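*Asks:* One structure is given below, represented as structure tokens, and several questions about it will come after.
The values are calculated or read from the model by the stated rules, or taken from the named source; none is laboratory data. Since the model is a prediction, treat every value here as computed from it, not as a measurement. Heads up, the Cβs are rebuilt from the backbone with ideal geometry, glycines too, and the neighbour counts pull from every protein chain shown.
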Amino acid sequence: MKVVATKTELKNLLDTFRKEGKSIALVPTMGALHEGHASLVRRAVAENDVTVVSVFVNPTQFNDKNDLQNYPRTLEADCTLLENVGADIVFAPAVEEMYPEEDTRCFSFAPLDTVMEGAFRPGHFNGVAQIVSKLFYAVEPDRSYFGEKDFQQLAIIREMVRQLAIPVEIVGCPIVRENDGLAMSSRNTLLSAEERERALTISRTLFKSLEYANSNSLAETKSFVENAINDTPGLQLEYYQIVDGDTLQEIAEWADCDYAVGCIALFCGKVRLIDNIVYKNNK
Ligand code: PAF
């Protein structure tokens, strides 16, 4: 496995592979890798000749300075994990390499980016689009892999690729959970033992709500989740929305669409966590 820090080194390596007709995958990450990332990389390795993993904590997608400062950075451990799962190239650039000058591009993915994370984290998806498009231009991957935990991000990246006509196949991969149900996230390492225990309420409530939804209305199911979170000391709900999985707009009744997904964001202490659950997918 090669670790490179510049776009030039990366391009030189990839040009050789491309000349040999090899397919190239990109798994974009912000490091602090866990089994969720490992599952994306394993899939990329299985489906492509060459797998590039980028490790870059992208400053332009953080709307909170403290969040950026506290974001875990563990490049050495990340490289060990990536070597073990068969990645070929790690691209770990410095901020100046990706942003030699300010990126002033403004994207609009309305209405996908005006709701949920887009509403609560202004500028977040613009920053995600800036960095992911730069990575796509640098790597020119045939396929790129993203986790469904960031459900809205996945929809926005698909839309970005459509708008910019970037010839890459976007592959969404299922959420990976800890044995006790907590969705894997780099941010979980920031939770104290007590907060980690409290955070379990999120996945437990979402799974219970699946059963509840069988015999209750959408509004009742939404309240069921909201009440369970609000009744747990130490959890502070930002939003729980049940949306059409394609448009990301809230729906009022189960019959309103074929693809209904519940998306949640909350603070557990000072750590912001997200998760989601699919109620139905008849597409
Ligand atoms: O999902 C993430 O880790 C980031 O948003 C991404 C896609 C790597 C862009 O920085």
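*Asks:* Would you check if R162 is under 28 Å from E250 (Cβ atoms) and more than 11 Å from the ligand (Cβ to nearest atom)?
*Replies:* So R162 fits the description; yes.
*Asks:* Which ones in segment 100-128 are farther than 14 Å from P59 by Cβ and either among the hydroxyl-bearing types (S, T, Y) or not in a loop (DSSP other than H, G, I, E, B) (or both)?
*Replies:* T104, S108, T114, E117, G118, A119, F120, F125
Yes/no per residue for (1) touching a residue at least 12 places away in the same chain (Cβ under 8 Å); (2) within 12 Å of the ligand (Cβ to nearest atom); (3) not aliphatic (A, V, I, L, M):
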| site | (1), (2), (3) |
| --- | --- |
| A5 | yes, no, no |
| E9 | no, no, yes |
| L13 | yes, no, no |
| K22 | yes, no, yes |
| L33 | yes, yes, no |
| S39 | yes, no, yes |
| S54 | yes, yes, yes |
| F62 | yes, yes, yes |
| A77 | yes, no, no |
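*Asks:* What's the total number of residues in segment 181-198 that are in contact (Cβ under 8 Å) with a residue 24 or more places away in the chain and not in a loop (DSSP other than H, G, I, E, B)?
*Replies:* Total meeting the criteria: 9.
*Asks:* Also: Out of D67, D78, I need the residue that is modelled with pLDDT under 95, in contact with a strand residue (DSSP E or B) (Cβ under 9 Å, 6 or more places away or on another chain) and under 25 Å from R272 (Cα atoms). Which one?
*Replies:* D67
*Asks:* Can you name the number of the only condition in (1) touching a residue at least 40 places away in the same chain (Cβ under 8 Å); (2) assigned to a helix (DSSP H, G or I); (3) within 11 Å of the ligand (Cβ to nearest atom); (4) of a type outside the set (A, V, I, L, M, F, W, C) that K149 fails?
*Replies:* (2)
*Asks:* Kindly indicate which of V50, V27, V90 is surrounded by 19 or more Cβ atoms within 10 Å (Cβ to Cβ), among the aliphatic types (A, V, I, L, M) and free of Cβ contacts under 8 Å to residues at least 60 places away in the same chain.
*Replies:* V50
*Asks:* What are the residues in segment 113-142 that are more than 15 Å from the ligand (Cβ to nearest atom) and either crowded, with 16+ Cβ neighbours inside 10 Å or over 19 Å from the mean Cα position of the chain (by Cα) (or both), if any?
*Replies:* Answer for segment 113-142, where residues must be more than 15 Å from the ligand (Cβ to nearest atom) and either crowded, with 16+ Cβ neighbours inside 10 Å or over 19 Å from the mean Cα position of the chain (by Cα) (or both): V115, E140, D142.
*Asks:* Turning to a different aspect of this structure: Scan E169, E148 and give me the residue that is at pLDDT 95 or above, surrounded by fewer than 21 Cβ atoms within 10 Å (Cβ to Cβ) and touching a Pro at 6+ places or on another chain (Cβ under 7 Å).
*Replies:* One residue alone meets the criteria, E148.
*Asks:* While we're looking at this one, here's another question. Give segment 81-108 a look and list any residue that's touching a strand residue (DSSP E or B) at 6+ places or on another chain (Cβ under 6 Å) and of a type in the set (D, E, K, R), or say none.
*Replies:* Passing the criteria: only D88.
*Asks:* If you go through segment 93-105 one residue at a time, do you hit one that is under 19 Å from the mean Cα position of the chain (by Cα) and not polar (S, T, N, Q)?
*Replies:* no
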